[in-house]
1. Condition test on V38, is it surrounded by 12 or more Cβ atoms within 10 Å (Cβ to Cβ), in contact with a helix residue (DSSP H, G or I) (Cβ under 7 Å, 6 or more places away or on another chain) and not in a loop (DSSP other than H, G, I, E, B)?
2. Could you please give the count of residues in segment 46-76 that are surrounded by fewer than 11 Cβ atoms within 10 Å (Cβ to Cβ) and over 32 Å from the mean Cα position of the chain (by Cα)?
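Each reported figure results from applying straightforward, stated rules to the coordinates on display, with no laboratory input. Everything quoted here is computed from the prediction, not taken from an experiment. Counting neighbours? That spans all protein chains shown, and the Cβs are built from the backbone with ideal geometry, glycine included.
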Amino acid sequence: MTNSHTQRNKIKKVVTVIFWVIFGTIAMAAFVLVFGYVVMLLWNWLMPALFGLGTIGFWQAVGILVLAKILFGGFGSNKFRGRSRRMKSRFKERCREKGISKWQHYDKFWQEEGKAAYETYKERLENN
């Protein structure tokens, strides 16, 4: 009984993956069709009137989208953003392990010099 249950789970996972691959492919194709058509319409409406440029076709509009993605959007890996979060969390872990607190040095400064410095600053403001 357990064996058939695990086989059903495996089949269910495979079917789910296949579904998402097909859905993703269709969604990506729809995105290309819609945005390519929109870019083509906007280009053909604005560019000839504003700058005297010629009109473009659908595939040229898709090419402009791809070029814009390469030049301005990169390839969407976001690997640096994730690395930065990991580095911050590792730094926080190390600080906790070593017993270093953000306020440890501030508290010591305030006790030794901060109160006196604040009082002299306050007196200087009152005298002006």
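1. no
2. 5
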